[in-house]
Every structure is written in C-alpha cells, then in structure tokens.
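Structure first, then comments.
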Amino acid sequence: MSPARSRVEVMHGVNLDMLGRRDPAHYGLLTLADLERQVREFARELGLEVHFFQTNSESEFVEHLRELANSADGLLINAGAWTHYSWAIHDALEIAALPAVEVHLSNVEAREEWRRVSVVRDLCVARVVGQGVEGYREALVRLSKELDG
Ligand code: DQA
C-alpha cells in the first residue's frame, strides 16, 4: 500500500550531472538520466511519487530546499561535495523541515578523510552510502517507512 504521504523530492548536488564521466570505480557508469530512470522505477514499486532536481549552484540548491514545504513530503539528498562543508545547505535543510535521507553512490567512509564529514547528517533520518544506485532503493524504503509512520 502507498504511504499516505508519498511525494518524494530527490535532490542531486554539484557534479552529479557528470555521472557517466566520473571515476567509474566510485560512481559506476550510469548517467544521471539512467540513475533517475532507476529511481523512478524503485519509487513506482513502493507507491511513491518522485521529482528530481539537480543544480551546480549552491544558491539554487538552497532556494529549492526552502520551497519544498508545499510540494514534497520527504527528501532524498545527495549534495555531492557540498555535503562535506556547506553549512548553508545544512540550514536550508533545517528550514525545509522534511524527513530526509542522505545518500551517496560511493563509500564516502572509505575515501579521503574530508569525505567522512557530513554537515547534513544530523538532520537526516537515515544515511545510505557506497551502494551505488541500489542505495537509492534502500533510501526510498527507509523514507517510505518514515512517511508511513
Ligand atoms: C558523492 C560523494 C561526494 O564526496 C562527492 O563529492 C560527490 C558524490 C557520492 O554520491 O558518492 O560528488 O556524494
């Protein structure tokens, strides 16, 4: 059964539009369009409605977060490198006040030291890293439980 609250915004941050041209050892070979196709399919199976947003502009990312209150019930966030230092995105996520799951394609815990820091982590109900596209399925399952509860 679909959760009562089922609108999920999937937000991709800086350089995620370059999937397919980034190090395949970390990010695989899928393009962002391929990733979104897969995520749409995962969402359909879970009875969730997904919308996607990607930008390389931190201010656009922040503004989009601030406008989500009326259009989304929950959020999957992969802020790319901003994850590791953007307190502006942290604050905008706090303002959005939606249940959010942090997701990363690569295993940020096993790469450079600076990637282990996440400034959005404390605002998210769950975190999925290092599972590639499959990680988005897990993140949606986790979010769906949150929206159901
Ligand atoms: C990423 C990990 C970040 O450290 C990196 O800057 C990205 C992608 C991931 O999905 O693995 O751009 O968020």
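The values are calculated or read from the model by the stated rules, or taken from the named source; none is laboratory data. Just so it is clear, the model here is predicted, and its values are computed rather than measured. Ideal geometry is used to build each Cβ from the backbone, glycine not excepted, and the neighbour counts take in all protein chains shown. For accessibility, only protein heavy atoms count, side chains too; no ligands or nucleic acids. Shrake-Rupley method; radii C 1.70, N 1.55, O 1.52, S 1.80 Å.
At a glance:
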read-out	value
Per residue Cα convex hull volume in Å³ - calculated over the chain	92
Label-point gap, in nm, between Ala81 and Asp122 - each point 7 angstrom along Cα→Cβ	2.5
The chain, dipole about Cα centre (Lys/Arg Cβ +1, Asp/Glu Cβ -1), debye to the nearest 20	300
Of all accessible heavy-atom area on the range 7-148, the percent that carbon and sulfur account for (1.4 Å)	48
Surface per residue (accessible, 1.4 Å probe) for the range 1-148, Å²	49
